[in-house]
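For reference, the structure discussed in these notes is given below.
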Amino acid sequence: MQPSPTHRASFSIGSEADARRVVDVLTEVFFEGDAAVAAFERPDGQWDVTLHFAEAPDQVLLRELVVTSAGNEIADTLIFDTMEAKDWVKASLEDLVPVPAGRFVVHGSHDRGRVTANKLKIEIEAALAFGTGHHGTTRGCLLLLDHVLKSSRPRNLLDLGTGTGVLAIAAAKALHRHVLASDIDPPSVRVAAENAGLNEVGNLVRVIRATGFAAPDFSQAGPFDLVLANILANPLRQLAGPMARHLAPGGRVILSGLLTHQAPAVIAAYRARGLVPLKHLRIEGWSSLLLRKMGWPAVP
């Protein structure tokens, strides 16, 4: 019997933040199994959002959802078509090879056997393109974390804007210490906690929902010796003051999610709060920064 074709809807949107917002709306509306939603960055910086359906979707409803979450201009780019029958999950995973970053390797379940035993393995599934380790920002953070761990063993750790939890998992695996992780997005909080359990550090990674540093958990767990924050340039600039207040003297912060041309403004915002840049990685047009708060260094 010939398999049925896959029905597809796709559109383009301008930024990762916008893509996250729209994907969140669509995944809330379409239950698991009704549609597979994915977002991928293009070389020009735009993001393509694609939905795959087993049955023909309600085009009017979907267009209204895109209008509501992204506006008429984005909805005008919405295209409906059909594709040959294919295991799209399997096909997409074939393109996501293990990503090495210093002592860490990020991989999917399909690649467990391909990772050498001398690496710290972080298993993250590619349900969405955010936080799988294949983006330059995540890899930059992992490389800087590896650099920090070569000379110190920070005690109090925070992963701010954790996404899939990959950075918190990496820190917990490397240090065997508790890590506080936070995200503004409820599905991300759930996914990060699930991934921590999958990677056998569920007892070390505590994931909370929080906006910025607003939750009391930060004051209770801090001050932090190391903060990992893979977010976006504007939120990172706005968080410079609270970040400095929650860092211990000599504490370090790894920042990413900013384009290379945005790095000087972010560095300036943190320098004004007493943080000095130590290292700047540039990967695929993205910058990852390591900064240190002035004062005596934290005890290793």
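When you scan region 174-188, do you find a residue that is open to solvent by 10 Å² or more (accessible area, probe 1.4 Å), within 19 Å of residue 103 (Cα to Cα) and in contact (Cβ under 8 Å) with a residue 60 or more places away in the chain, even just one? Within region 174-188 (the criterion being open to solvent by 10 Å² or more (accessible area, probe 1.4 Å), within 19 Å of residue 103 (Cα to Cα) and in contact (Cβ under 8 Å) with a residue 60 or more places away in the chain), the answer is yes, since at least one residue qualifies.
Pairing residues of region 217-232 that are without any contact (Cβ under 8 Å) to a residue 24 or more places away in the chain with residues that are open to solvent by 30 Å² or more (accessible area, probe 1.4 Å) and in a strand (DSSP E or B), at Cβ distances under 7 Å and at least 6 apart in sequence or on separate chains, gives no pairs at all.
With respect to the conditions (1) over 27 Å from residue 23 (Cβ atoms); (2) out of contact with any Gly (no Cβ under 8 Å at 6 or more places or on another chain); (3) of a type outside the set (S, T, N, Q), residue 223 falls short on a single one, namely (2). Checking residue 230 against (1) within 24 Å of residue 173 (Cα to Cα); (2) at pLDDT below 95; (3) over 15 Å from the mean Cα position of the chain (by Cα), only one condition comes out false. Which one? With respect to (1) within 24 Å of residue 173 (Cα to Cα); (2) at pLDDT below 95; (3) over 15 Å from the mean Cα position of the chain (by Cα), residue 230 is out only on (3).
Yes or no, residue by residue, for (1) aromatic (Phe, Trp, Tyr); (2) under 22 Å from residue 166 (Cα atoms); (3) in contact with a Pro (Cβ under 7 Å, 6 or more places away or on another chain):
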| site | (1), (2), (3) |
| --- | --- |
| 219 | no, no, no |
| 231 | no, yes, no |
| 237 | no, no, no |
| 241 | no, no, no |
| 244 | no, no, no |
| 250 | no, no, yes |
| 267 | no, no, yes |
| 284 | no, yes, no |
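Does any residue of region 279-293 turn out to be of a type in the set (Phe, Trp, Tyr) and closer than 25 Å to residue 45 by Cβ? Scanning region 279-293, I find at least one residue that is of a type in the set (Phe, Trp, Tyr) and closer than 25 Å to residue 45 by Cβ, so the answer is yes.
The listed residues are 241, 250, 285, 274, and the only one of them that is touching a Phe, Trp or Tyr at 6+ places or on another chain (Cβ under 6 Å) and surrounded by fewer than 19 Cβ atoms within 10 Å (Cβ to Cβ) turns out to be 250. Among the residues of region 1-14, just one is modelled with pLDDT under 80 and either open to solvent by less than 50 Å² (accessible area, probe 1.4 Å) or aromatic (Phe, Trp, Tyr) (or both), namely 6.
Mind listing just one residue for me: the one in region 153-184 that is among the polar types (S, T, N, Q) and within 14 Å of residue 227 (Cβ to Cβ) and, of those, modelled with the lowest pLDDT? Per the stated criteria, the residue is 162. Considering region 68-120, the qualifying strands (runs of 3 or more DSSP E), each wholly inside and each with 3 or more residues that are in contact with a strand residue (DSSP E or B) (Cβ under 9 Å, 6 or more places away or on another chain), modelled with pLDDT of 85 or more and over 30 Å from residue 142 (Cβ atoms), run over 79-83.
Residues that are without any contact (Cβ under 8 Å) to a residue 24 or more places away in the chain and open to solvent by 90 Å² or more (accessible area, probe 1.4 Å) were ranked within region 195-214; the one that is nearest to residue 242 (Cα to Cα) is 203. Scanning region 140-168 for residues that are in a helix (DSSP H, G or I) and either without any contact (Cβ under 8 Å) to a residue 12 or more places away in the chain or more than 9 Å from residue 181 (Cβ to Cβ) (or both) gives 140, 141, 142, 143, 144, 145, 146, 147, 148, 149, 166.
The values are calculated or read from the model by the stated rules, or taken from the named source; none is laboratory data. What you see is a predicted model; the values in this text were computed from it and never measured. When we count neighbours, we look across all protein chains shown, and the Cβ atoms used for this are built from the backbone with ideal geometry, even at glycine. For accessibility, only protein heavy atoms count, side chains too; no ligands or nucleic acids. Shrake-Rupley method; radii C 1.70, N 1.55, O 1.52, S 1.80 Å.
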